[in-house]
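Trainee: Here you go, one structure.
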Amino acid sequence: MATLGQINSLKVVKSLDFGVYLDGGELGEILLPRRQVPDECQIEDTLDVFLYHDTENRLIATTHRPVAVLDQVGFMQVKSVNDVGAFLDWGIPKDLFVPFREQSHPMRVGQSYLVYVYFDKVSERITGSTKLRKFLNKPWFSVTNGQEVDLIIAEKTDAGYKAIINHAAWGLIFNSDVFQSLTVGQSVKGFVKAVRDDGKYDLVLQKPGFE
């Protein structure tokens, strides 16, 4: 079944001058605008697309890849700010909206921020938030010592670099374990050095131990 806010592999079921329609299952047929339809696309072909609501709240598909899908963190630049919130470059035709209530600090045009992408049940729209703490440290999250993980560098501290693990939890790379240049927003591979008794995670960028 097709899922809003995620990359889906959907079959082409109809072709018209303005685009093709994809089989969205329970979501019905979903338009992929003509300008994004790959050359030589045929009926019955399967396309990988991201699903979102356009400015008129219509479900639509795009072959562009967003900076972050639903329930992920992405590093995004602010394109504009108005009296309701900020609009960020999401990597797709529509900008990601971050309302003022979801900004840990006022966002400024041209600046980039780490943003968590979530589904707002009130507005029924995909929304962004810089208040990462309320979305991370998922209760289901679990890793083991030595496990390879995806990291996003979040903050430089006196002790080292705070990093987001698999879009779900916080960890720390101590200064003594940093042997390369790191910047906020950078995505890197890393490893779990230790799962501490207090539930926190120590990280390294090189695989611990010897092969």
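Trainee: Being touching a strand residue (DSSP E or B) at 6+ places or on another chain (Cβ under 9 Å), assigned to a loop (DSSP other than H, G, I, E, B) and open to solvent by 60 Å² or more (accessible area, probe 1.4 Å) is the filter here, so list the residues in the range 157-211 that pass it.
Mentor: Result: GLN180, THR183, VAL184, ARG196, LYS200, GLN206, LYS207.
Trainee: OK, next. Can you tell me which residues in the range 28-64 are exposed (fewer than 12 other Cβ atoms within 10 Å of the Cβ) and of a type in the set (A, V, I, L, M, F, W, C)?
Mentor: Of everything in the range 28-64, just one residue is exposed (fewer than 12 other Cβ atoms within 10 Å of the Cβ) and of a type in the set (A, V, I, L, M, F, W, C), namely ILE43.
Trainee: Check ASP45, ASP39, ASP17 and return the single one that is touching a helix residue (DSSP H, G or I) at 6+ places or on another chain (Cβ under 8 Å) and acidic (Asp, Glu).
Mentor: Being touching a helix residue (DSSP H, G or I) at 6+ places or on another chain (Cβ under 8 Å) and acidic (Asp, Glu) holds for just one of ASP45, ASP39, ASP17, which is ASP17.
Trainee: Another question about this same structure. Within the bounds of the range 14-24, is there any residue that is open to solvent by 80 Å² or more (accessible area, probe 1.4 Å), of a type in the set (A, V, I, L, M, F, W, C), in a loop (DSSP other than H, G, I, E, B) and touching a residue at least 24 places away in the same chain (Cβ under 8 Å)?
Mentor: No, the conditions are met nowhere in the range 14-24.
Trainee: Could you grab me the full set of residues in the range 65-111 that are assigned to a strand (DSSP E or B), open to solvent by less than 50 Å² (accessible area, probe 1.4 Å) and closer than 22 Å to GLU155 by Cα?
Mentor: Within the range 65-111, VAL73, GLY74, MET76, VAL78, ALA86, LEU88, VAL98 meet the criteria.
Trainee: In the range 1-13, which residues are part of a strand (DSSP E or B) and out of contact with any helix residue (DSSP H, G or I) (no Cβ under 9 Å at 6 or more places or on another chain)?
Mentor: If the condition is that a residue be part of a strand (DSSP E or B) and out of contact with any helix residue (DSSP H, G or I) (no Cβ under 9 Å at 6 or more places or on another chain), then ILE7, ASN8, SER9, LYS11, VAL12, VAL13 are the ones that fit.
The values are calculated or read from the model by the stated rules, or taken from the named source; none is laboratory data. All of these numbers come straight from a predicted model, not from anything done at the bench. With ideal geometry, Cβ positions are generated from the backbone for all residues, glycine too; neighbour counts draw on all protein chains shown. Surface areas here come from the heavy atoms of the whole protein model, side chains and all, with no ligands, DNA or RNA. Shrake-Rupley method; radii C 1.70, N 1.55, O 1.52, S 1.80 Å.
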